[in-house]
1. Write out, first by first residue and then by second, each pair whose Cβ atoms fall under 6 Å of each other, whose residues are 6+ apart or on separate chains, and whose first residue, in the range 151-163, is over 13 Å from residue 189 (Cα atoms) while the second is part of a strand (DSSP E or B) and not aliphatic (A, V, I, L, M).
2. Taking residue 434 as the residue in question, decide whether it is at pLDDT 95 or above, in contact with a strand residue (DSSP E or B) (Cβ under 7 Å, 6 or more places away or on another chain), over 30 Å from residue 161 (Cβ atoms) and of a type in the set (Lys, Arg).
3. Return only the number of the condition from (1) touching a residue at least 60 places away in the same chain (Cβ under 8 Å); (2) among the basic types (Lys, Arg); (3) more than 22 Å from residue 432 (Cβ to Cβ) that residue 402 does not satisfy.
4. Out of everything in the range 405-459 that is in contact (Cβ under 8 Å) with a residue 60 or more places away in the chain and among the aromatic types (Phe, Trp, Tyr), what residue ends up being nearest to residue 509 (Cα to Cα)?
5. Out of 432, 467, 425, I need the residue that is within 20 Å of residue 372 (Cβ to Cβ) and surrounded by 24 or more Cβ atoms within 10 Å (Cβ to Cβ). Which one?
6. Output the number of residues of the range 120-135 satisfying the condition of being surrounded by fewer than 21 Cβ atoms within 10 Å (Cβ to Cβ) and over 17 Å from residue 48 (Cα atoms).
7. When you scan the range 181-226, how many residues do you find that are part of a loop (DSSP other than H, G, I, E, B) and hydrophobic (A, V, I, L, M, F, W, C)?
Amino acid sequence: MRPLVKRWWIIAPAFAAGCSPAPSNPLAARSPDGQVEIVAGTLSNGSLAIRIRHHGADVIAPSPVGLVLADQPLGPMRIEQSRRPAGQAAQPYRELLVQARETGGSRRPLLLHLRAYDSGAAIRIEQPRTATTRETRLTGEATSLRFPRNYQCLAVSHTEYLNSHEGDYAPVRASTLRSGTLYDLPLSCRTGRSGEAIALTETDVENYPGAYLVKSKDLGVDLRLTPLPARDHLAAILPESGPALRTPWRVVMIADRPEKLIENDLVQQLASPSRIGDARWVRPGKAAWAWWSGIKASGVPNAGFNNATYRHYVDFAARFGLPYFVIDWGWAARPNGDKGLADVTGFRPGVDIPALSRYAASRGVRLWLWTNWDAIGPDMDRVFALYHAWGVAGIKVDYVYRQDQVAIAYYHRLLAAAARHQLMVNIHGAPVPRGLERTYPNLLTQEGVMGAEYNKWSRKVTAGANVRLAYSRATIGLMDYTPGGFRNVTPAQFKARHVLPLVMTTRAQQLAMFVVYPSPLQSLADAPQAYLDERGAPRPGAGFLRLVPASWDETRGVAGDWGQWIAVARRSGKRWFVGVINDEQPRTVSLPLAFLTNGRWRLRALVDGATPTAVKAHGGVVRAGTSLQVPVAAGGGAVVVLEPE
């Protein structure tokens, strides 16, 4: 692999000489704390380029950025000027706008938006409209992110553009990424400088496709845009009367320690602000859910897709303090059989959603309804108005998978239409999140993760895979993993099964996922009888599921070891919750309590017991600044609740 050398980096006329710009450099944006810097320049071939530095050293070496237009490719560029937008002093970032222009041909302009935050950096490319701009047809981007060293990364790979966006974020060196393979976002990496870690992703995607990463010919990755399904030689088409071509923000999250990536919120900060007005009707919460367990309902004759079974889950939700029940696949009419497209405005025999909604409301519970994305696409407003009239709280939209330009537009239409009818949304069978939860706060969760459902048909959901999710997929936002499997066994005892599935992690790890994995709609995976015994009393650990919130006021990455274990603390009001999840090696971990304010704190903890289903309770009083020593089993975990005295 040929190393990067300084001669690749051409200093624009406005630069001072050298590759380490001074704070006054007109082509650099430096974060408020001065530790993150993003710099614009050009390469020897005339390509625009950026580099990103942290603590004075490159985390992204000089890398080309640009657009690939189908009809008239852009030529070599020259940077003309830069400016800093006014009013930045109160912002958590520093921004720089860099104006460049082709040196020949039509002399078309490009605008680079650079931002530096204390927790990372981002770049967006814009092609301003001119008097001669017509329809814009985009083939791809000429954007790469080059690494100064052979980073140790976590990556999930795909062979086709259309996929479920689910898989194991497996360990891989940057040099051994496979050519021709599509890598989903984020790509999390340790840089080799002390504990420093980065994650590469994107946010604020609109009128544009989602991106994958592919191996670069240099050490690093190139952006690969998802092509249009009917015109796969193109990535995007913007009509003459449409908006200017503007890429998503290309985000590099940066942390001094890998576990700190999970507290990074650049994906949300860089997304467009809310478009739905007063959102007080949006209520995060936990939900009962019947699909994962196989629609099992103890004591209900002929349990299945019928109101009697659904009432059983509503009753459980009410008894357990859950505000929602998610009704998954099976409730809707199927005029052409179960393999045909559902009629999501009608019911299967034995199901009556308005009656069930009234029953649930009388118990303090509201319903979410599963829908197929193409069943609601043609007439969203009519369907959603009907759901609102039924008293439905939200919808679970399934089988989308896509992230091309057309699909991205669909997500925007879906969320805007749902908001008009005060419906919350879970996008299932979907790509990874890209900040839409800020633009549309009614988006409560999103799949794009290899979650608990894989226990029904595979051995892929290992403890190690769960830990790696916390260092990768969980760092970018909403994650509909659906934890809470209470049939805990060892890997040797595990067998995949569709009804009443097993999980090959301890119960304490399943509890910890409710803290570690972010999802303002948390669906409890298992059947009611898994959480309550025959007398209606909570089974070991179930009481924690009643207590733990689904949304949070503050998040801290407490401690961990890359890909092996992690501890995450989240605050709700005055109460802190800590979740620990561990891979297949037993260990004792140290949890520093530096995130607590001064004073004495009451502690309640549940840790691994002698068997996978057992938990041991501990209590006591601790002070800020001390540490807890917590033993965790193979495939195990722990949860800690801390309240001020």
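1. 157/183
2. Numbers: at pLDDT 95 or above: yes; in contact with a strand residue (DSSP E or B) (Cβ under 7 Å, 6 or more places away or on another chain): yes; over 30 Å from residue 161 (Cβ atoms): no; of a type in the set (Lys, Arg): yes.
No, not satisfied.
3. Residue 402 satisfies every listed condition except (3).
4. Per the stated criteria, the residue is 454.
5. On the way: 432 fails: within 20 Å of residue 372 (Cβ to Cβ); 467 fails: within 20 Å of residue 372 (Cβ to Cβ).
The unique qualifying residue is 425.
6. 7
7. Keep residues of the range 181-226 that are part of a loop (DSSP other than H, G, I, E, B), which gives 181, 184-186, 191-196, 204-210, 216-219, 226.
Now drop any that are not hydrophobic (A, V, I, L, M, F, W, C), which leaves 185, 205, 219.
Final tally of qualifying residues: 3.
Here's the yes/no breakdown for (1) crowded, with 16+ Cβ neighbours inside 10 Å; (2) under 20 Å from residue 514 (Cβ atoms):
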{"position": "582", "(1), (2)": "yes, yes"}
{"position": "586", "(1), (2)": "no, no"}
{"position": "590", "(1), (2)": "no, no"}
{"position": "597", "(1), (2)": "no, no"}
{"position": "600", "(1), (2)": "no, no"}
{"position": "605", "(1), (2)": "yes, yes"}
{"position": "610", "(1), (2)": "no, no"}
{"position": "615", "(1), (2)": "yes, yes"}
{"position": "618", "(1), (2)": "no, yes"}
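The values are calculated or read from the model by the stated rules, or taken from the named source; none is laboratory data. Keep in mind that this is a model prediction, so the values were computed, not measured. For neighbour counting, all protein chains shown are included, and Cβ atoms are generated from backbone atoms with ideal geometry for every residue, glycine included.
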